[in-house]
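Engineer: If you scroll down you'll find the structure; I have some questions about it.
The values are calculated or read from the model by the stated rules, or taken from the named source; none is laboratory data. In this text the structure is predicted, and so the values were computed from the model without any measurement. Protein only, heavy atoms only, side chains kept; ligands, DNA and RNA dropped before computing areas. Shrake-Rupley method; radii C 1.70, N 1.55, O 1.52, S 1.80 Å.
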Amino acid sequence: MKKATPSQKKVLNQLIFIESYETLLTETGLQRGELRDDLIQLINAGMIQVFDPANQKQVTAYDSDRLDLFCFRASSSGLAQR
């Protein structure tokens, strides 16, 4: 991924701190499918880190079909794209 799209920038702008999927849905105004696609692309590009909401520890494996079970934060490269 070269540059973040406008909707991806909207997601990255919300991820200065660890945020839940539901918070991202509310704050960005994106549809579930749009948010899911943007999150997966940003995670794969290394711009977003995935966290376990129970202990806020970063995880390397996550269920892309159940992103609502995780929290997210922009990485340094993701923050640079905002």
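Engineer: Output the Cα-based Rg and Dmax of the stretch 2-44 in Å, rounding Rg to one decimal and Dmax to a whole number.
Structural biologist: 9.4, 27
Engineer: Separate question: If I stretch the segment between Ser20 and Ser77 completely, what's the gain in nm (0.36 nm per residue apart, minus their alpha carbon distance), one decimal?
Structural biologist: Gain in length upon complete extension: 18.5 nm.
Engineer: Now a separate question. If contacts are Cα pairs under 8 angstrom and at least 6 residues apart, what is the relative contact order of the stretch 1-60 in percent?
Structural biologist: Once divided by the residue count of the stretch 1-60, the mean separation gives 28 percent.
Engineer: Can you sort Asp52, Asp65 by 1.4 Å-probe accessible area, starting with the largest?
Structural biologist: Ranked list, largest accessible area first: Asp65, Asp52.
Engineer: Ok, one more. So how much accessible area does Ser75 have, in Å² to the nearest 10, using a 1.4 Å probe?
Structural biologist: 10
Engineer: If you build the Cα gyration tensor of the chain and take the root of 5 times each eigenvalue, what three semi-axes come out, in whole angstrom, biggest first?
Structural biologist: Semi-axes (√(5λ), whole Å): 17, 14, 12.
Engineer: For the stretch 37-82, what percent of Cα pairs sit more than 14 Å apart?
Structural biologist: For the stretch 37-82, the fraction of Cα-Cα distances above 14 Å is 45 percent.
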